[in-house]
Every structure is written in C-alpha cells, then in structure tokens.
Amino acid sequence: MKIYISLVLILLILGACDRYNPVNDQIYDLPKDNFSGQVAGLQALQDAVENYPESAENHYKLGLYYLKNRQDTLALQSLKKTLQLDSSQTKYYLALAQTYDHLHQLEPAVQALNKSQNTEETNYEALVLAGNLYFQKKEYDNAIKYLNKALKITNLDARVYYYKANVEIARYDSANALKNLAMALRRKPNYYEVYHSYADLFIKFEMYNTAIRYANQGLKINPKYDLLYLSKAEAFRLQRFFEDSARVNYEKALQINSKLDKASFYAGVYAYERGKYQTAQKMMELTLQNNPKFAKAYYYLGMCLRYYGKKKEALQAFGNAIKWDSKDLLAGEMYWQVKTDIYNDELRAREDSIQKAYYKMLEEQRKKEQEMLKKLYEQKN
C-alpha cells in the first residue's frame, strides 16, 4: 500500500505548475459583492453606520470589512444588526454563515447558509462554503455533492480540490485524496494548507517520515502555520523514537496559536503516555477551556484525576466525555468503574463508622462497669 501511494503521488504531482491560476493567490472567500473588492476605510464605514443607522446595507458593508480583516466578533455584531434591519437579502445570511465558520460555530453557520437559499446551483461561494461545512459535520456525501456543483461553475479554484481532498482523507480514500491534493497544487503551488493535508494523509497510513517531509515543505512557504507543526509533532509522537521532537513541535504550534485545541490535546496525550500526569492534566484543562465539547479531553482529564485519587472530579469528567460522545466505550467503562469505586469507598466508610460507633459503645460500657465496680469496692471498705 505504501509503495502504491508513493507511485500515485509521483504521477499526480508531475507538472504541478502547468495549470497555475494566479487568481488563487487572492483572498476572495467573501460573498461576491461589488463592495467586497474595494478598499474602503474603516472610519468611512463607521461614519456611514453612525449617520444612517437604519441602513442595513451600511451595517452589511461594515460587517464585510471586519470579515475580510478577520475581526470575526465585530463582523458577527454588524451582520446580526444587518439582519435585524432587513432579513430578506440572501447575501446577508451568506456573510453571516462565513462569519460563523470563521468562529468555528458549525451549526449556526449551516443554519445561516440554509437561510441564504444559495446552495442550489448558482452562487459559487455558497456552494464552496456548503462543501466545507458539511465536511466539518462529517456528512461527506453532501460535502462532495456541493463541491462538485461548484466545479461545474469553474474548475480553476484550488480551494475546491483542497476541500474534496480533505473529505477523501477522512474517508481513507488515498487515491482520490492524492489526486485532489495534486490538482490543488497545480492551481496554487504556494497553497501551504495542502501540505498539511498531505501530512495528515500520510500519518493515517503510518508513513511518518513522508508526513514530516511534507510538513516541512509547507513550513518553507508559511513558517507560522500552526497545523503544520501539529502534524510534525503527531508524526514524531507516533514514531516513538523522537520524543523531544514531538514536544518541541507541540510547543511551537501552541506558541503560534494558544487556542489550538488539537495541539494542547495531543500534547496532553503525549505527556500522559509518558506518565507526566500533572502536565497532561494541565494540557487537557487548556483544551477544554478552548473547546468545552472536546469529549476525549474529558476522558484523559478523568484519567489524570483518577490517578491522583480525585474520584468525584474524575467521575464528573468521564460523565462529560459520555455527554459529548455517547459512543466512547472507554469513557463509559471508566465512568462506571469510578462510580463503583466511590460506592465501595462510601460503603467501607459507613462500615468503618458503624464499627467505630460499636467499639465506642463497648468502651463506654466498659468504663461504666469499671465505675460501678469501683463504687462497690469503696462501699465494702
């Protein structure tokens, strides 16, 4: 299998630059709107909103400015205000969906996209966004359906092939994944995110040195892309021969993005596997601070707490793991094991308490009998 993948890869990436499309170097993931291509000053947009606060279009344009500059929280505020003033424009919902996507709020993003009613045939950006969102929802057939619709409009966009590749990686379809990754690089040779997907694919097939090589290629293009360091760290961790390298790369990923929950989670797993439970607990707590629904982080947090004898806290952690992933059999097993341990501890405590009370009663009775004997002795004398 490894030889086959390598051969397919070589064939697919030959001539990687022959279909380069310079359009792919532009940042154009905003709604197709005449305003989005203009360079408008923030102050001018804010003045327009202040002078005409009832204009939905002004709030929308300000929201697009924030969205384009990745000020997503401010974009969300502006776009919500836009929809309060006018909920009839589909482009407003599309911009809102993109904002939620940037904020990693998947369900609200899908709901807003559905309200935009742009995912049928015509709106290209809506189709691309739908493909990516359904990939995140793990609805892979829907993801491919929307991405293929986008390709019918144009086949020059590297993003579409990148998203399709990620779907195929998730489905362990290495041939189609490699084909789409190569197509993405043909259209955009400096697409560093593609190298992360290459690394992810080769990690899945236990080709760790190849994964590291692709991660390094991506880092030559963008040395500050956190996910490439995460891929390197995972490859080193799974090889188990380069422990220090794994730790260093986890740290680099977190230095770039302290809120990267996968980096803190796997750094915690790495520490846990080496018996460094205090560090592991700290990393899991950081993970859950950034992602309170990370089920597996609760599991490892519970294991650390159990190691330190904090059974009630561990039980709560395992319960949260089950809450967010009811199919986690390990978390379920540990939940009932710890619950049983707590019950047995309480039972032993009650037994000890009863036993102590019994011995105390015997001791008091013995003292009373001694007092009575003492008094009888004194009376006789």
The answer for the net charge of residues other than ALA56 whose Cβ lies under 9 angstrom from its Cβ, with Lys and Arg +1 and Asp and Glu -1, is -2
Other residues with Cβ under 11 Å from the Cβ of ASN291 give, with Lys and Arg +1 and Asp and Glu -1, a net charge of +3
As a Kirkwood estimate from alpha-carbon pairs, the stretch 100-179 has a hydrodynamic radius in angstrom of 12.6
Among LYS356, LYS80, LYS179, the residue with the largest mean-square fluctuation in a Gaussian network model of the chain built from Cα contacts under 10 Å is LYS356
Within the set GLY332, GLY63, GLY302, GNM on the chain using Cα springs under 10 Å gives the largest fluctuation to GLY332
Between GLN217 and GLN355, the FRET efficiency computed from the C-beta separation at R0 = 41 Å comes out, to the nearest 0.05, as 0.05
Using the Cα gyration tensor of the chain, the equivalent ellipsoid's semi-axes, largest first and to the nearest Å, work out to 57, 30, 18
Computed over the chain: longest principal axis from alpha-carbon atoms vs helix 158-170 long axis, angle to nearest 10 degrees, is 30
Candidates TYR52, TYR163, TYR140; GNM for the chain (alpha-carbon contacts under 10 Å) flags as most fluctuating TYR52
The number of Lys pairs in the stretch 131-247 whose alpha carbons lie under 18 Å apart, excluding pairs fewer than 8 residues apart on one chain, is 18
Computed for the chain: size of charge dipole around the Cα centre, +1 on C-beta of each Lys and Arg, -1 on C-beta of each Asp and Glu, debye to nearest 20, value 1060
With x for Gly and Pro, the residue-by-residue ³J(HN,Hα) of the stretch 332-341, computed from phi through the Karplus equation 6.51 cos²θ - 1.76 cosθ + 1.60 at θ = phi - 60° and given in whole Hz, is x, 4, 5, 4, 6, 5, 5, 4, 5, 4
Here the Cα Rg-to-2.2 N^0.38 Å ratio for the stretch 253-381 is 1.84
Relative to the chain, whose Cα atoms define the longest principal axis, helix 174-187 and its Cα axis are tilted in degrees, nearest 10, by 50
So, over other residues within a Cβ distance under 14 Å of ALA165, counting Lys, Arg +1 and Asp, Glu -1, the net charge is +3
Expected sort for SER231, SER245, SER116, SER353 with the fewest Cβ neighbours (10 Å cutoff) up front is SER353, SER245, SER116, SER231
Largest-first semi-axes in Å of the equivalent ellipsoid built from the Cα gyration tensor of the stretch 45-98 are 15, 14, 8
For the stretch 74-127, the Cα convex hull volume per residue in Å³ comes to 66
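Laboratory data are not the source of any read-out in this text; all were calculated from the coordinates shown. Values in this document were obtained by computation on a predicted structure and should not be read as measured data. Because the Cβ atoms are built from the backbone with ideal geometry, glycine has one as well, and the counts that use them run over all protein chains shown.
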